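Chemist: Next up is a structure, given as structure tokens.
The values are calculated or read from the model by the stated rules, or taken from the named source; none is laboratory data. Since the model is a prediction, treat every value here as computed from it, not as a measurement. For neighbour counting, all protein chains shown are included, and Cβ atoms are generated from backbone atoms with ideal geometry for every residue, glycine included. For the accessible areas, the whole protein counts, side chains as well, though only heavy atoms, and no ligand, DNA or RNA atoms are used. Shrake-Rupley method; radii C 1.70, N 1.55, O 1.52, S 1.80 Å.
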Amino acid sequence: MIELAVTERDTLIGICGKHLENPLQWPTIARINKLKNPNLILPGERLLIPAHMLKGVPSEGIITFLKGDVRILSHGDVTWNSARLNQTIAENKRIKTGPDGVVEITLKNGTSILQKQDTELAIVSIREKGGIYDLSRLFLKVGRIITNIRRATGKENRFEIDTPSAVAVARGTGFRSAADDKATSRFEVLDGRIGVEALKQTIDVGGGEGTLVRKGEAPQPARKLPEAPILLDRKPIYKNLPLKLQFQGSGEVASIRAILARDKDLKDIVKEEVMARSVPFEIAAIADGIYFLQSTAIDADGVEGLPQQTTAITVRTNPLPPFIQTPSDKGEYGGKKVDLSWLKGS
């Protein structure tokens, strides 16, 4: 709530026209403030107005990670332009990623949206209201995003994701959203809670739960997310190509998503694939180095589970060079002959 002081010649309708997103909500303000006569307010009176009803000031985000084919369409334009790292993202922008595209947008309040491959997302509204309320509205047409909402002390945060079949509303949480080409939406909560609404029916989905919404249907009851699959036969060093990683999932698992990336945050992806539970995750060619692996289980309805803890794996398909044992690199050698020996490389 914010508090406004009534000044001379103020009217309730005038105040609401100046400060509210929807001035026609003046009866609601009258009811909140228990005004006996909404047509008569006096100078010096103080009115309470819910922050979420305020007009708000447009805010923005910034692209903090970018890889592959990512394009942006501004309101009124007809041409998609290539996105740039550190580019400002404001309201009325559409962002589309290609098969190799990944982009992270970080809002001013610290909330991050990681947009995965083959995804189209619209930034409908990003608003700050009264300095105490942040409102963000997105429309996910198709694809997958991962949202991590940062909670600021003393501020409310309403984050809304619309899809072709449902609306998810979150306050301070981390969750995944997905929409497919059949207008089926899936929401999986990693922590916190969200409300999912369709056909005027709303369900509550808590941490470790998910739901599915088909177009024209109410949300399915919240279900427990599948348990993370187990990486079998983990090796300290993977020395052979193709790299094959086998996972084991529980009984309800229909398929497994595996991600191999160069970074712990799993943004700089080497390969991401969804495969049947019995099929190994295979990479034909990869440079030597340390990579980060994560997997999730997916049930028969496509609802994805909690992620396996990110695992660092070492790939070394080329042997290390031998180490010189003698002569030592300290000292000088004269004469016509020097004995050389090496320690075996690995």
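Chemist: State all residues of region 256-291 that are more than 20 Å from R316 (Cα to Cα) and either of a type outside the set (G, A, S) or touching a residue at least 60 places away in the same chain (Cβ under 8 Å) (or both); if no residue qualifies, say none.
Modeler: I256, R257, D265, L266, K267, E272, E273, V274, M275, R277, V279
Chemist: Kindly indicate which of I49, I32, I41, I13 is closer than 19 Å to K129 by Cα and over 35 Å from the mean Cα position of the chain (by Cα).
Modeler: Values: I49 fails: over 35 Å from the mean Cα position of the chain (by Cα); I41 fails: closer than 19 Å to K129 by Cα; I13 fails: closer than 19 Å to K129 by Cα.
Just one listed residue meets the conditions, I32.
Chemist: Find the residue count for region 70-85, including only residues that are among the charged types (D, E, K, R) and buried (at least 17 other Cβ atoms within 10 Å of the Cβ). Outline the logic, then answer.
Modeler: Just the residues of region 70-85 that are among the charged types (D, E, K, R), to begin with: 71, 77, 84.
With the extra rule that they be buried (at least 17 other Cβ atoms within 10 Å of the Cβ), the set shrinks to 71.
Here the count works out to 1.
Chemist: Mind listing whichever residues of region 274-295 are under 21 Å from the mean Cα position of the chain (by Cα) and farther than 18 Å from D263 by Cβ?
Modeler: Passing the criteria: only V274.
Chemist: Under 6 Å by Cβ, and 6 or more places apart or on different chains, what pairs join a residue from region 302-321 that is within 25 Å of G143 (Cα to Cα) with one that is among the polar types (S, T, N, Q) and surrounded by 10 or more Cβ atoms within 10 Å (Cβ to Cβ)?
Modeler: That search, which allows pairs on different chains as well, returns E304/T296; G305/T296; P307/Q294; P307/T296; Q308/Q294; Q308/S295; T310/Q294.
Chemist: Among the residues of region 98-113, what is the count of those that are within 9 Å of K67 (Cβ to Cβ) and open to solvent by 10 Å² or more (accessible area, probe 1.4 Å)? Before you say what the answer is, go through the steps one by one.
Modeler: Filtering region 98-113 down to residues within 9 Å of K67 (Cβ to Cβ) leaves 100-103.
In the following step, the residues that additionally are open to solvent by 10 Å² or more (accessible area, probe 1.4 Å) were identified as 100.
Number satisfying all stated conditions: 1.
Chemist: In the list G68, G98, which residue meets the criterion of being of a type in the set (G, A, S), at pLDDT 90 or above and under 14 Å from L121 (Cβ atoms)?
Modeler: Values: G68 fails: under 14 Å from L121 (Cβ atoms).
Unique residue meeting the criteria: G98.
Chemist: A follow-up question, please. Within region 54-71, work out how many residues are hydrophobic (A, V, I, L, M, F, W, C), without any contact (Cβ under 8 Å) to a residue 60 or more places away in the chain and more than 22 Å from N148 (Cα to Cα).
Modeler: Our first condition is that a residue be hydrophobic (A, V, I, L, M, F, W, C); within region 54-71, this holds for 54, 57, 62-63, 65-66, 70.
Now drop any that are not without any contact (Cβ under 8 Å) to a residue 60 or more places away in the chain, which leaves 62-63, 66, 70.
This time we only want the ones that are more than 22 Å from N148 (Cα to Cα), so: none.
Of the residues in region 54-71, 0 are hydrophobic (A, V, I, L, M, F, W, C), without any contact (Cβ under 8 Å) to a residue 60 or more places away in the chain and more than 22 Å from N148 (Cα to Cα).
Chemist: Filter region 54-68 down to the residues that are crowded, with 17+ Cβ neighbours inside 10 Å and more than 17 Å from S112 (Cα to Cα) and list them by number.
Modeler: Scanning region 54-68 gives L54, G56.
Each row is one residue, and each column tells you yes or no for (1) modelled with pLDDT of 95 or more; (2) in contact with a strand residue (DSSP E or B) (Cβ under 6 Å, 6 or more places away or on another chain); (3) over 28 Å from Y133 (Cβ atoms).
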residue	(1), (2), (3)
V169	no, yes, no
P219	yes, yes, no
I230	no, yes, yes
K235	no, no, yes
N240	no, no, yes
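Chemist: Take I286 and tell me if it is open to solvent by less than 50 Å² (accessible area, probe 1.4 Å), among the aliphatic types (A, V, I, L, M) and assigned to a loop (DSSP other than H, G, I, E, B).
Modeler: It is true that I286 is open to solvent by less than 50 Å² (accessible area, probe 1.4 Å), among the aliphatic types (A, V, I, L, M) and assigned to a loop (DSSP other than H, G, I, E, B).
Chemist: Given the condition in contact (Cβ under 8 Å) with a residue 60 or more places away in the chain, closer than 25 Å to T184 by Cα and in a loop (DSSP other than H, G, I, E, B), answer yes or no: does some residue in region 85-108 qualify? Full working, then the answer.
Modeler: Filtering region 85-108 down to residues in contact (Cβ under 8 Å) with a residue 60 or more places away in the chain leaves 102, 104.
Cutting the leftovers down to closer than 25 Å to T184 by Cα gives us 102, 104.
Retained after the next criterion (residues that are in a loop (DSSP other than H, G, I, E, B)): none.
No.
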